[in-house]
Structure formats: C-alpha cells, structure tokens
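Trainee: My questions all concern the structure below.
The values are calculated or read from the model by the stated rules, or taken from the named source; none is laboratory data. The structure displayed is predicted, hence computed values, not measured ones. Backbone-built Cβ (ideal geometry, glycine too); neighbour counts: all protein chains shown. Accessible surface areas use protein heavy atoms only, side chains included; no ligands, DNA or RNA. Shrake-Rupley method; radii C 1.70, N 1.55, O 1.52, S 1.80 Å.
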Amino acid sequence: MNILVCIKQVPDMESKFKISSDGQWYEQSDLTFKINEYDEYAIEEAVRLKEKLGSAEVVALSIGPERTKEAIRKALAIGADKGVHIHDDESHKKDSFQIATIIASYAKDKNFDIIFLGMQSQDRASAQVGPILSELLGYNCITTIVSFEYQDGKVNVKRELEGGIKAKVSAKLPVVLTCQLGLNTVRYPTLPNIMKAKKKELITINVNELLNEQPRVINLKAYIPEKKKGGIILEGKSDEVADKLISILKEKTQVLR
Amino acid sequence: MFVDYYKIDDLLADEDKLLRDSLRKFLEDNIKPLIKQAWHKQEKLDFRTIAKQFGELGILGSFIEEKYNCPGATYTTYGIVCQEVERIDSALRSFVAVNTGLVMYPIWRYGSENQKMKFLPKLASGEKIGCYGLTEPDAGSDPSSMKTTAKKIKDKWVLNGSKMWITEAEIADVAIVWAKDADDGKVKGFIVEKGTPGFYQKDLEELGSMRAGGVGELAFTDCAIPLENRLPNIEGLKGPFSCLNMARYGISWGAIGASMDCFETALSYSLDRKQFGEPIASYQLVQEKLANMITEITKAQLVSLRLSQLLNENKATPAQISLAKRNNVRTARFCAHTAREILGANGISLDYSPIRHMANIESVYTYEGTDDMHTLIIGRDITGIEAFRKK
Ligand SMILES: Cc1cc2nc3c(=O)[nH]c(=O)nc-3n(C[C@H](O)[C@H](O)[C@H](O)COP(=O)(O)OP(=O)(O)OC[C@H]3O[C@@H](n4cnc5c(N)ncnc54)[C@H](O)[C@@H]3O)c2cc1C
C-alpha cells in the first residue's frame with residue numbers, strides 16, 4: 001500500500017506574533033516552528049497502519065522554505081519511509097487551492113491509496129486543502145476523523161461532529177482523510193529512530209515544477225484584534241449570583257444543559 | 001519557550017533539536033508531575049520504570065555504537081540529553097550520567113568484548129541499572145588513598161572494603177568498583193553484580209539534596225567475583241579519572257538545564273508578580289538579576305557546545321572538561337539562588353522548582369570533583385605546578 005502524509009510546519013502557537021511589514025501575514029523571523037498538531041496525528045496514523053500491514057510505504061510531504069526539512073525529519077523519525085520537500089519560500093502566501101494543486105501534481109501519477117492530512121493548519125485554519133486535493137485527484141474524502149481502521153480495500157472511520165455527536169463512515173480506496181484531535185496519541189521520536197531518519201531518503205522538488213496556478217483567495221490584511229473588555233462581573237447576593245451563573249453557563253456553554 | 005539568547009540552536013544538528021524536543025515533551029508529560037512529591041517525601045522516583053522508558057527513548061549510552069544496541073550519536077547528543085533531564089531534576093541527570101559516563105563508558109573503553117556484549121545492550125535498554133564505586137568514607141577528593149582491596153585468589157578476585165556516596169547504590173544491578181590490587185598496589189576496575197555473596201548495597205536516608213534519587217553505600221566482605229569480571233584493559237587511577245571526564249562533561253550540560261528552568265521560572269514569575277503597583281520585572285534591581293542569569297547561561301551554553309565539538313573531534317583535554325564543569329555548575333548555583341530570591345517567599349515553596357534545584361546543585365557542586373578540585377586541575381594545567389598536596 002502507498003500512503004502519503006501531508007504536513008505543514010507552523011509556528012509554536014505560544015509565540016508572540018507580530019504582523020509582517022507587508023501587513024498581510026505574521027512576521028516569520030524569530031519564531032520557533034513545529035509540525036502542525038493535526039498533521040502529527042496524520043503521521044502517527046499512517047505509521048500505525050504501515051506497522052499493522054507490515055508492507056506499506058509512507059511518504060511524508062511538506063511545502064515550505066528550507067527549515068521545513070526539520071518537520072519532514074521528524075515525520076521520518078516517527079516512522080515515515082521517505083520525505084519529499086517541496087521547496088517554496090513563499091508558501092505562506094499560497095491559498096488552499098494552490099497548496100492542494102501542488103500536492104495533487106506531485107501525487108497524481110504515484111498511485112497513493114490513502115492520503116492523510118491534518119484537519120486544518122493551526123496558523124491558517126481554512127480546512128480546505130484535504131477536500132480540494134481529493135477533488136483534484138478524484139479520490140473519496142472524509143474529514144475530521146477521530147478513529148481509523150482499514151479492512152479489505154475500505155476504510156472505516158469515526159468522524160467528530162458538532163454538539164458531541166460522532167458518525168461512523170466508510171469509504172473505498174483511494175481516499176483522502178483529514179485528521180482531528182483524539183485520533184491517536186503521537187509517539188515520542190526515539191534517539192535511535194532519529195538517527196535512522198537521518199539516513200532516509202529526503203528529496204527536494206522546486207515548487208515551480210508543480211504549480212502553475214494563481215491564487216483564488218487573497219489575504220488582504222492580517223491584524224491583531226483589539227483586546228476584548230474584561231469578563232462579566234456578577235454582583236448581588238450569593239444565591240442570586242449562583243442562579244445567574246447557572247443560567248449563563250446553560251445559555252453560552254455546554255458545561256450545563 | 002527556549003532559553004536561547006544567542007541563537008545557539010542554529011549551531012545544533014537537526015537530530016539534536018529533534019531529540020531535545022521529543023525528550024522535553026516526554027519528560028514534561030511523564031516525569032515532571034512526579035518530581036515534587038518524590039523530592040518532598042524523599043521517596044525515590046521509580047528508576048526501574050524510568051530506566052526502561054529512557055532505554056526505549058535510546059538516551060542511555062548515546063555515544064556508544066549501534067553494535068551494542070546504543071544509538072551511536074555524538075557527544076553533543078549526550079550533552080543535550082543531560083541538559084533536558086536536569087532541566088527536570090538533577091537526580092535524573094545523575095542517573096543518566098552515571099549509567100552512560102561511569103558504567104557503560106568504562107565497560108566500552110576498558111572491557112573485554114564478552115563484557116561489552118554481556119552488559120552494554122542491557123544497560124542501554126534500561127533492563128539493568130549501574131552504579132560507580134570510587135569514593136570511600138575516607139577517600140573523596142583523593143581517591144589514591146582508597147582502602148578497598150582486591151586480591152586474586154585462585155580463579156577469583158576477592159574484594160574487601162566499602163564505598164560511600166554512591167549514586168543508585170541500592171538499585172544497581174551492576175557496580176563498577178575501583179579497588180587496589182592487594183599484591184601490586186595498583187588501582188583496578190571490577191564489575192560486581194547484584195546478589196554476589198558478600199556484596200552489600202544500601203541507600204542513605206535523610207538527605208537534604210538529590211532527594212528524588214538514590215545515593216548510598218556499597219560494602220564488600222570477602223566478595224568473590226569471577227576473574228573475567230575485571231576490566232582487563234586498564235590499570236592505575238587514569239581509569240576512574242577518564243570515566244569521570246565523561247560524567248563531568250555531561251554535568252556541564254545538565255547544569256545548563258537546571259539554570260534554564262530557574263531562569264524561566266524567575267522570568268515568568270517576575271512578569272506576573274506585582275508589588276508597588278507594577279510587575280517586579282519592571283524594577284531595575286530585578287532586571288539586573290535576570291540579565292545576570294541569562295548572561296551566565298549563554299556563556300555556559302557556548303562553553304559546553306564548543307567542548308562537545310572538541311570531544312566529537314577527539315581533541316578535548318581533561319582540564320577543558322574541568323573548566324566547563326566548574327563554570328557551569330557555578331552558573332547553576334547562581335541561577336538557582338537568584339531565582340529563589342526573585343520568587344520571594346514562594347521561592348522556598350516546593351511548588352516552584354528553584355529551591356529544589358538549589359539543594360540538588362549543592363551535590364553537583366561537590367561530586368565528580370569539587371569546585372576546588374577543578375580549580376586546582378585548571379591551575380595545574382595552566383601553570384604546570386601541582387597544588388593538590390603538600391610535599
Ligand atoms: C549526591 C552525591 C552523589 C555521589 N555519587 C557518587 C558516585 O556515584 N560514585 C562515587 O564514587 N562518588 C560519588 N559521590 C562522591 C563525590 O564524588 C565526593 O563527595 C567528592 O569527590 C568529594 O569528596 P568528599 O565528599 O570526601 O570531600 P573531601 O575530599 O573530604 O573534601 C572536603 C572539602 O575539602 C576540599 N578539599 C579537599 N582537598 C583539597 C585540596 N587539596 N585543596 C583544596 N581544597 C581541598 C574540597 O574541595 C571540599 O570542599 C557522590 C556525592 C554526592 C554528594
């Protein structure tokens with residue numbers, strides 16, 4: 001079986017973000033980058049499937065500048081077999097359609113059976129790359145999976161829906177799957193596997209070889225929203241305050257129903 | 001957040017950064033939550049389990065080659081491992097540095113092929129735990145005065161004597177023991193296994209430092225071990241000293257880890273804590289303390305990183321290692337008490353790490369060569385005159 005995992009390197013979300021000088025995105029220098037959280041679940045699930053099947057190849061693909069190789073190395077250390085770095089210093093300016101197009105032009109003649117992606121990226125959060133990719137390749141697509149099983153040419157997964165509901169879904173191969181929190185717990189890359197990853201194949205392709213499309217969605221401006229005013233202060237007798245609090249929790253959250 | 005004022009990360013190999021992040025996450029998820037109680041109650045961490053977890057992560061004997069089931073990484077990697085574990089607690093780094101530098105290293109350097117195949121893979125996987133017996137009740141800084149003896153009687157080496165202040169004394173399955181040959185007076189190294197008749201192992205209680213780990217004594221009464229348990233390829237004090245180099249080097253990185261944790265704790269506390277209407281971080285006296293800490297940490301990082309390169313190229317001298325151990329442990333001692341100070345009364349609570357690091361670092365300041373000893377080693381190196389002993 002051929003498995004592709006698409007990963008993105010995103011800033012550590014605990015960083016202090018500054019808006020870039022062109023005003024369209026955040027400033028990238030001085031940030032620490034790591035693998036997009038949802039993509040880590042994708043890698044882990046792909047590697048688990050490979051380990052279960054015994055014979056499968058997992059290719060980890062990432063688009064971005066030179067530093068992106070660090071993310072691919074981590075995927076290799078978790079257990080992917082081969083890395084593909086699509087070199088693009090301007091990847092942050094590409095829209096979901098362009099990113100999906102790049103992946104599709106790499107994947108189109110490679111006969112991948114399953115493509116795992118994160119549900120969304122933590123920095124752009126459009127959640128569109130997986131679905132667009134499946135359309136471009138003519139694959140089935142299931143999003144936000146929280147459990148996964150492969151059997152006889154079919155995948156059986158659970159999806160997480162709003163309001164605490166889950167759905168069981170199944171689809172035939174080839175299929176694109178986007179992974180949600182809760183799918184698995186990602187292993188800690190071990191030193192011996194990190195050392196082995198160093199010797200695994202990691203090829204680099206220039207993005208211009210794979211993309212010939214203009215963006216369809218343009219980011220006009222990135223900005224840091226004004227701070228919201230402090231929370232609500234409840235005043236009065238304690239029993240009244242408690243009642244008010246209960247009604248707020250019922251109305252605005254799912255803590256109480 | 002990383003304490004990396006000089007972008008030293010850019011000088012690290014990708015695999016070292018990857019290991020650091022992976023190990024840091026493992027330790028924060030699994031070990032950090034246990035430390036406070038272990039230290040407070042002096043109930044040692046479960047090193048049986050930790051050894052296996054560390055074995056799985058592949059961080060024991062990190063610079064030894066794959067043939068012995070070790071990762072075959074660099075000395076820099078070993079340094080990063082020490083840094084990360086001591087960022088949590090010095091007892092964890094003691095465990096790693098003793099097993100890697102003081103137990104696996106001498107077997108690897110001075111052992112027979114049989115000894116290597118027998119012990120290294122199991123020490124690497126954490127299936128077995130080691131300890132290192134050099135210090136004695138009456139022989140600390142001056143190991144040449146050791147009293148433990150080994151006498152060859154027929155097909156056995158028979159050991160008599162005792163060792164004191166031994167990390168992991170009680171739990172160890174394998175002890176590397178240095179003793180004087182009763183016949184020729186030369187110091188020789190032996191591998192003593194748990195359960196050997198006449199071999200006694202006991203941890204000490206009621207310590208004010210390293211309370212999350214084991215430290216104890218070993219005693220030998222007519223303890224007979226097979227001839228093949230002697231490390232064949234070493235004789236004299238350079239044996240124990242060369243092992244100490246490996247552990248001292250690891251300590252130089254470990255001390256950075258403890259310093260980083262103290263700095264991070266003090267910085268975030270000083271930004272949150274308000275007195276006289278403002279965060280205490282806004283006052284010049286506090287800023288000076290923080291600036292001094294980050295300055296010392298940055299220097300320590302550069303010293304250890306450069307030293308790791310020298311080791312990787314097989315060019316490091318013992319005196320260079322002494323400089324790093326001495327400087328970086330001083331840095332950790334300074335950062336621990338400065339952080340403690342910035343935290344005010346909270347600084348004496350075990351809810352925050354500095355007081356624990358502060359107490360632990362007192363051990364680190366003394367073991368593996370006291371600060372004074374390293375001063376004298378550097379002094380001898382630069383002047384050519386030995387000042388350890390009066391004629
Ligand atoms: C927690 C812990 C774990 C340890 N683990 C191990 C272990 O696993 N294996 C092991 O073998 N040992 C271990 N040790 C022992 C450690 O290495 C010794 O404590 C250390 O070498 C110092 O010896 P000492 O305590 O006898 O002090 P001493 O040698 O008695 O020194 C006392 C003081 O005198 C100073 N001094 C001594 N001689 C001179 C001199 N010539 N000039 C100037 N000053 C001098 C010293 O610097 C020190 O300040 C451990 C110690 C501790 C605290």
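Trainee: Residue by residue through the range A:47-61, note down the ones that are touching a helix residue (DSSP H, G or I) at 6+ places or on another chain (Cβ under 9 Å) and either open to solvent by 50 Å² or more (accessible area, probe 1.4 Å) or within 14 Å of another protein chain (Cβ to nearest Cβ) (or both).
Mentor: The answer is A:GLU57, A:ALA60.
Trainee: If I go through the range B:332-383 residue by residue, how many of them are of a type in the set (Lys, Arg), farther than 18 Å from B:SER268 by Cβ and under 19 Å from the mean Cα position of the chain (by Cα)? Quick ask: steps written out before the conclusion?
Mentor: Taking the range B:332-383 as the starting set, the residues that turn out to be of a type in the set (Lys, Arg) are B:333, B:340, B:356, B:380.
Cutting the leftovers down to farther than 18 Å from B:SER268 by Cβ gives us B:333, B:380.
From what is left, the residues that are under 19 Å from the mean Cα position of the chain (by Cα) are B:333.
So the answer is 1.
Trainee: Quick one: count up the residues across the range A:226-257 that are under 36 Å from the mean Cα position of the chain (by Cα) and open to solvent by 90 Å² or more (accessible area, probe 1.4 Å).
Mentor: The qualifying residues number 11.
Trainee: If the Cβ limit is 6 Å and pairs must be 6+ apart or interchain, which residue in the range B:363-374 that is closer than 14 Å to B:GLN320 by Cα pairs with which residue that is open to solvent by less than 30 Å² (accessible area, probe 1.4 Å) and of a type in the set (Ser, Thr, Tyr)?
Mentor: Filtered contacts from the range B:363-374: B:HIS374/B:SER322.
Trainee: So which residues in the range B:74-111 are open to solvent by 10 Å² or more (accessible area, probe 1.4 Å) and assigned to a loop (DSSP other than H, G, I, E, B), if there are any at all?
Mentor: Residue satisfying the conditions is B:THR74 alone.
Trainee: Please specify each residue of the range B:132-158 satisfying the condition of being polar (S, T, N, Q), crowded, with 16+ Cβ neighbours inside 10 Å and within 16 Å of the ligand (Cβ to nearest atom).
Mentor: Passing the criteria: B:THR135, B:THR148.
Trainee: Shifting gears a bit: Assuming B:GLY239 fulfils every condition listed in (1) away from the ligand (no atom under 16 Å from the Cβ); (2) at pLDDT below 95 apart from one, which condition is it?
Mentor: Checking B:GLY239 against (1) away from the ligand (no atom under 16 Å from the Cβ); (2) at pLDDT below 95, the one that fails is (1).
Trainee: Looking for something crowded, with 21+ Cβ neighbours inside 10 Å, in contact (Cβ under 8 Å) with a residue 60 or more places away in the chain, in a strand (DSSP E or B) and in contact with a strand residue (DSSP E or B) (Cβ under 9 Å, 6 or more places away or on another chain) - is there at least one such residue anywhere in the range B:119-130?
Mentor: no
Trainee: Can you name every residue in the range B:342-353 that is buried (at least 18 other Cβ atoms within 10 Å of the Cβ), out of contact with any Phe, Trp or Tyr (no Cβ under 6 Å at 6 or more places or on another chain) and farther than 19 Å from B:ILE251 by Cβ?
Mentor: B:ILE342, B:GLY347, B:TYR352 - these are the residues of the range B:342-353 that are buried (at least 18 other Cβ atoms within 10 Å of the Cβ), out of contact with any Phe, Trp or Tyr (no Cβ under 6 Å at 6 or more places or on another chain) and farther than 19 Å from B:ILE251 by Cβ.
Trainee: List the strands (runs of 3 or more DSSP E) inside the range B:139-181, counting only whole elements, that have at least 1 residues being within 25 Å of the chain's Cα centre (by Cα). Give the steps one after another, and end with the answer.
Mentor: Working: elements: B:149-153, B:156-167, B:174-181.
Passing ranges, in order: B:156-167, B:174-181.
Trainee: Restricting attention to the range B:192-219, report how many residues are more than 25 Å from B:THR366 (Cα to Cα) and crowded, with 22+ Cβ neighbours inside 10 Å.
Mentor: Result for the range B:192-219: 1.
Trainee: I'd like the full set of residues that are in contact with a strand residue (DSSP E or B) (Cβ under 8 Å, 6 or more places away or on another chain), among the β-branched types (Val, Ile, Thr) and under 21 Å from A:THR190 (Cβ atoms), limited to the range A:37-81.
Mentor: Of everything in the range A:37-81, those that are in contact with a strand residue (DSSP E or B) (Cβ under 8 Å, 6 or more places away or on another chain), among the β-branched types (Val, Ile, Thr) and under 21 Å from A:THR190 (Cβ atoms) turn out to be A:ILE43, A:VAL47, A:VAL58, A:ILE72.
Trainee: Next question. Select from the range B:1-34 the residues that are charged (D, E, K, R), in contact with an Asp or Glu (Cβ under 7 Å, 6 or more places away or on another chain) and within 9 Å of chain A (Cβ to nearest Cβ) and list them in ascending order.
Mentor: Selection gives B:ASP14, B:LYS17.
Trainee: Just to be sure before I move on: is A:ARG216 within 14 Å of chain B (Cβ to nearest Cβ) and either in contact with a Ser or Thr (Cβ under 6 Å, 6 or more places away or on another chain) or not hydrophobic (A, V, I, L, M, F, W, C) (or both) in the structure I sent?
Mentor: No.
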